[in-house]
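Scroll down for the structure; my scribbles are underneath it.
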Amino acid sequence: MEVLQEDEEYNWREVRLPSMSRALPEPDLERETGERRRGRDILIAVDHGPNSKHAFDWALIHLCRLADTIHLVHAVSSVHNTVVYETSQQLLERLAVEALQVAMVSTVARIVEGDAGKIICKEAERLKPAAVVMGTRGRSLVQSILQGSASEYCFHHCKVAPVIVVPGKAGDESVIST
């Protein structure tokens with residue numbers, strides 16, 4: 001796999017999420033320091049698979065705090081394909097609503113065209129998040145090496161934030177419904 005050059009452009013579309021207001025007022029964090037008060041940016045790479053949903057759920061439960069903003073990134077083959085865009089938009093909207101309900105965090109979503117590993121690293125460069133969270137498809141080591149893996153690529157090439165690869169749930173073969 002090749003690393004995207006810094007001057008390379010890539011296609012993306014911001015997803016307009018439904019207007020959602022927080023159920024609780026902003027917390028009074030006077031005694032807290034810097035990062036906690038400002039909140040952090042957390043990048044979560046998502047797709048339509050069950051391991052991606054598991055990683056998203058893990059991030060909400062174990063990583064997100066009240067003042068954080070999660071950035072959902074979904075890599076697709078073409079941002080100009082209406083069917084692909086609308087299906088991806090529905091996924092991101094559903095996840096944004098869940099993030100608000102479960103962890104009360106705000107969400108920004110982006111659908112990006114290109115190779116998932118390269119795109120996730122490029123978005124991490126742009127955002128400089130506190131962490132990059134992603135799932136894995138549960139391939140064996142040999143399959144990952146031969147076929148390539150977005151999580152493997154990000155683990156080795158993402159230099160601006162720690163990459164958290166959440167292993168899939170054992171025995172869960174379900175797919176996120178759209």
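Of note:
- Conditions (1) assigned to a helix (DSSP H, G or I); (2) touching a Ser or Thr at 6+ places or on another chain (Cβ under 8 Å); (3) open to solvent by less than 40 Å² (accessible area, probe 1.4 Å); number of the one not met by Glu152: (3)
- Selection from the stretch 120-149 of residues that are part of a helix (DSSP H, G or I) and either hydrophobic (A, V, I, L, M, F, W, C) or modelled with pLDDT of 80 or more (or both): Ile120, Cys121, Lys122, Glu123, Ala124, Glu125, Arg126, Leu127, Leu141, Val142, Ile145, Leu146
- Any chance Glu35 is more than 22 Å from Leu127 (Cα to Cα) and either outside any loop (DSSP other than H, G, I, E, B) or modelled with pLDDT under 95 (or both): no
The values are calculated or read from the model by the stated rules, or taken from the named source; none is laboratory data. Predicted model only: the values in this text are computed from it and were never measured. Here Cβ is always computed from backbone atoms with ideal geometry, including for glycine, and neighbour counts include all displayed protein chains. All accessible areas refer to the heavy atoms of the entire protein, side chains included, with ligands and DNA or RNA removed. Shrake-Rupley method; radii C 1.70, N 1.55, O 1.52, S 1.80 Å.
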